[in-house]
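Student: Before anything else, here's the structure in question.
Any read-out appearing in this document is the output of simple, stated calculations on the displayed coordinates, not a laboratory observation. Note that the structure is a prediction, hence the values are computed from the model and not measured. Don't worry about glycine lacking a Cβ; one is built from the backbone with ideal geometry, like all the others, and counts go over all protein chains shown.
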């Protein structure tokens, strides 16, 4: 089955979908393999740790000369990077264009064998522990998790590090890793985003898996009510002296157009130098170096969600003042919304800014992977482009008003100065 | 098929690379001045000037009409979906844009307007100084171990050579800066001999050549004493080993900084290659030995973090694993490095490093913005782009002795600065 959209080609092969954004090729290629895993698999009675499992598999000596997969592909100049989010585990494969198809084949071969050594498992545990340590002291991460927990509940897997805790990771043994690898090879849906045709074809040959079982019927909505308007968390010992303030919302999206409305709203508030809160909090009040925005779309238990945040780093002495301003701004936004001009300007800006993703093969693949990692329909790219091309401020305002019921301010406070 | 055009206006240089089919054009305007030129007591002046370049102009585009307002430059670019940024390092200040091809003319007009009709005001200065201090906070104390680079620079560059402070500036230095200081700095350092421009993308070669020439013409002729200082050497560099310990940091982290060869020298590429051999990729030497075999670390990195024209600085960053002290991980690191320096890199490690280093270069070359930055650096440091274009040949030709020399830069146990964060 072939599904085409205006800016990328898509192929479906069993449980694997392959997306290839168009860009003139140079001598460099990138493929990102995305396993769509549910956010709670670390917290079940038989937990799975996909990024730990991948790190271990790649480091296990299992080929000629007792080399590992990473030994072999790095000899050809190929970099491998594992990343974990709440909705996926990703393996980025990048390097000289002529080396990537062979690297993909190599990775498929070690997946098929699924042979993990004790030494590699120990190294993988250390690498994931480092990631956990780093995240535990990152105010941006802590603020984001606090914001999500405000909308869900204190035990939500979305409000904690996706690969669990140090204690959980230290207990992961080779048998559990093998179970995870086997599940990744056939149980979870998979997407490969490839920078060129040769790489796409090798992914089809190497990773086309049986169609996974259909997802369970729609579960209950993640969002709880009532939602607190302000939450605070404190970073542990050794965290930075800075505070992170994150304003945002987590909402169920009725359709793909809702996701676009969220993206435009977030951009208009903090996505550019002339966005509303960048002007106020940086240019007028000099309370921060700048705002950072994030819009994440994901599908969970049959429902589509969107998380939109505007975050900023502030000194401890300024955090209360920033919270007051954001509370007032949030109230104004709820009452009056954005102006027609703000809706149009941000829509056009986002549409034109799509060209920026063509600045490199890696950027193009990363952007497409970001759109698709939450398991949202691959047609989202085309829907997004169409909605941005012909923005209707009235419709955008109506959609965003629903998403903003309510918004939350989350503050992660670092150590005192 | 790419087409390359060189332009020279006075002593300013430009390189235009036409690359058909790319829906994006990037511009990289580089001025060879930065934190190194900050006067004593005014750390951050070059950086404040960079910020002030967005604070408005005396005349409108093409010298016609009213000047641009503060922030208007960025507003125009971003309204077109473009990317606009500027950075200040020790030796250079760079103004970067990436836009759809239809906006290239606007970018070049805006650039000319701000460099030909600069307007620094007290009001803009007050705002920019406050924002610069927020930036400093975000880059240093605002994140875990964020002050490590500042501590290492101060320890490695011991003399008043201008490299011992962060280009972002500090509280005292920034607070002393006046509008007159900014004008003085601008007129002294923003001249043709210090300026280069790189444009890459799909554009009309003839029209853009003319447009870019007009932009470069906005830079005045360098004064007789305004030539860019290119002296190199290791005066003012660390001569012993120092250690600073920072307790109460929550967890251990070890930073070891060592002097590296000057940017642009043949040895500089070897030092970069050494970093790749040691810690880039999961099968690199330190990752394999410290994380995998010995189990004493959970992360190991090596990077040339300060690329300076007279002497650079390389930093090893090691995160000890649980149950391992900072002292133990440093001892293990030294054991591994001693062994490598004595025996030399194994052929497998050498060829892996060669492939990975070439791969990093290909990644940089594949990105329009990174390629423009590298070409700009090459113009500034070498006066041309031949060294950039021949980089892969250079990597392919490196022999075993050169690899070993590259690794040795990362093991100077008698001459390094250690910053150790303790739990």
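Student: Taking Cα pairs under 8 Å and at least six residues apart, what relative contact order does the range A:167-284 come out at, in percent?
Tutor: The normalised contact order for the range A:167-284 reaches 13 percent.
Student: Let me ask another. Averaging sequence separations of C-alpha pairs under 8 Å and six or more residues apart, then dividing by the length of chain B, give the relative contact order as a whole percent.
Tutor: 21
Student: Kirkwood hydrodynamic radius, computed over distinct alpha-carbon pairs, for the range A:80-181: how many Å, to one decimal?
Tutor: One over the average 1/r among Cα pairs gives 15.8 Å for the range A:80-181.
Student: Separate question: Say each of residue A:284 and residue B:223 gets a label point 7 Å from the Cα, pointing the same way as Cα to Cβ; how far apart are those two points in nm?
Tutor: 4.2
Student: Can you give me the P(r) profile for the range A:358-417? Cα pairs, bins 10 angstrom wide beginning at 0, each as a whole percent.
Tutor: Each 10 Å bin holds this share of Cα pairs: 16, 26, 33, 19, 6.
Student: Let me know the mean shielding of B:140-149 by other chains, meaning the per-residue number of their Cβ atoms within 10 Å of its Cβ.
Tutor: Mean shielding by partner chains, rounded to a whole number: 6.
Student: Taking the mean number of other Cβ atoms within 10 Å as a proxy for protection, how do you rank A:130-142, B:32-44, B:271-283, A:243-255 from highest to lowest?
Tutor: Going by the mean number of other Cβ atoms within 10 Å, highest first, we get B:271-283, A:243-255, B:32-44, A:130-142.
Student: Could you work out the per residue convex hull volume over the alpha carbons of the range B:3-62, in cubic angstrom?
Tutor: Output value, Cα hull per residue: 170 Å³.
Student: Between residue B:2 and residue A:153, what is the label-point separation in nm under the 7 Å Cα-to-beta-carbon projection?
Tutor: 5.7
Student: Given that compact globular proteins tend to follow 2.2 N^0.38 Å, what is the ratio of the alpha-carbon Rg of chain B to that value?
Tutor: 1.03
Student: Evaluate Rg over Rh across the range A:241-340, taking Cα atoms for both radii and Kirkwood's formula for Rh.
Tutor: Rounded to two decimals, Rg over Rh is 1.00.
Student: Could you state the number of Å between the C-alpha centres of the range B:43-109 and the range A:345-405?
Tutor: The range A:345-405 and the range B:43-109 have Cα centres spaced 26 Å from each other.
Student: For the protein assembly as shown, what does -39500 (n - 2.57) per DSSP helix run (n ≥ 4), summed and divided by total residues, give at 222 nm, in deg cm²/dmol to the nearest 500?
Tutor: Counting only the DSSP helices, I get -12500 deg cm²/dmol.
Student: Relative to the first principal axis of the alpha-carbon coordinates of chain A, what is the inclination of helix A:256-270, with its axis defined by its Cα atoms, in degrees from 0 to 90 and to the nearest 10?
Tutor: Compared with the principal axis, the helix lies near 60 degrees.
Student: Can you put A:267, B:172 in order, fewest other beta carbons within 10 Å first?
Tutor: Neighbour counts put them in this order, fewest first: B:172, A:267.
Student: Okay, moving on. I'd like the FRET efficiency for residue B:79 and residue B:188, computed as 1/(1 + (r/R0)^6) with the beta carbon distance as r and R0 of 41 Å, rounded to 0.05.
Tutor: Efficiency computed from Cβ-Cβ geometry: 0.75.
Student: How crowded by other chains is B:247-255, given as the mean number of beta carbons from other chains within 10 Å of each beta carbon?
Tutor: 3
Student: Report the extension gain between residue A:81 and residue A:321 in nm, rounded to one decimal, defined as 0.36 nm multiplied by the number of residues separating them, less their alpha carbon distance.
Tutor: Separation in residues times 0.36 nm, less the Cα-Cα distance, equals 82.4 nm.
Student: Using a Gaussian network model of chain B with C-alpha springs under 10 Å, which one of B:366, B:109, B:91 is most mobile by mean-square fluctuation?
Tutor: Sorting by GNM fluctuation, first place goes to B:366.
Student: Test of understanding: in a Gaussian network model of chain A with alpha carbons linked when under 10 Å, which of A:263, A:167, A:283 would top the mean-square fluctuation ranking?
Tutor: Among A:263, A:167, A:283, the largest GNM mean-square fluctuation belongs to A:167.
Student: Can you compute the modelled spin-label distance between residue B:210 and residue A:303, with each label point 7 Å from Cα toward Cβ, in nm?
Tutor: It is 6.1 nm.
Student: Also, quick follow-up: How are the C-alpha pair distances of the range B:371-411 spread across 5 Å bins, as whole percents from the shortest bin up?
Tutor: With a bin width of 5 Å, the distribution comes to 5, 22, 19, 15, 20, 17, 2.
Student: Taking only the alpha-carbon positions of the protein assembly as shown and ignoring solvent, what does the Debye formula give for the base-10 log of I(q)/I(0) at q = 0.08, 0.10, 0.11 Å⁻¹?
Tutor: For the protein assembly as shown, the Cα-only Debye profile gives -0.72, -1.23, -1.58.
Student: Is any residue of the range A:294-327 close enough, with backbone N under 15 Å, to a label point placed 7 angstrom from the Cα of residue A:40 along the Cα-Cβ axis, and if so, which?
Tutor: Under 15 Å, as judged by backbone N against the label point of residue A:40, lie A:300-303 of the range A:294-327.
Student: Any chance you could list the semi-axes, whole Å, largest first, of the equivalent ellipsoid that the Cα gyration tensor gives for the range B:265-423, using √(5λ)?
Tutor: Semi-axes from the Cα gyration tensor: 29, 17, 15 Å.
Student: Next question. Could you tell me what a quarter of the Cα convex hull surface of the range B:52-95 works out to, in nm² with one decimal place?
Tutor: 3.7
Student: Something else now. Quick one: angle between helix A:50-59 and the longest Cα principal axis of chain A, in degrees between 0 and 90, rounded to 10, please.
Tutor: Long axis of A:50-59 versus the principal axis of chain A: about 40 degrees.
Student: How crowded by other chains is B:289-300, given as the mean number of beta carbons from other chains within 10 Å of each beta carbon?
Tutor: Partner Cβ neighbours, averaged per residue: 4.
Student: Multiply the residue gap between residue B:69 and residue B:346 by 0.36 nm, knock off their C-alpha separation, and tell me the result in nm, one decimal place.
Tutor: Gain on extension, residue B:69 to residue B:346, equals 93.8 nm.
Student: Chain A: D in µm²/s via Stokes-Einstein (Kirkwood Rh, Cα pairs, 10 °C, 1.306 mPa s)?
Tutor: The Stokes-Einstein estimate is 71 µm²/s.
Student: To check you understand DSSP bridge types, tell me what percent of the beta bridges within chain A (both residues inside) are antiparallel, rounded to 5.
Tutor: Among the beta bridges of chain A, antiparallel pairing accounts for roughly 85 percent.
Student: Right, another one. Going by alpha carbons, how many degrees (0 to 90, nearest 10) lie between the helix axis of B:326-343 and the longest principal axis of chain B?
Tutor: Compared with the principal axis, the helix lies near 90 degrees.
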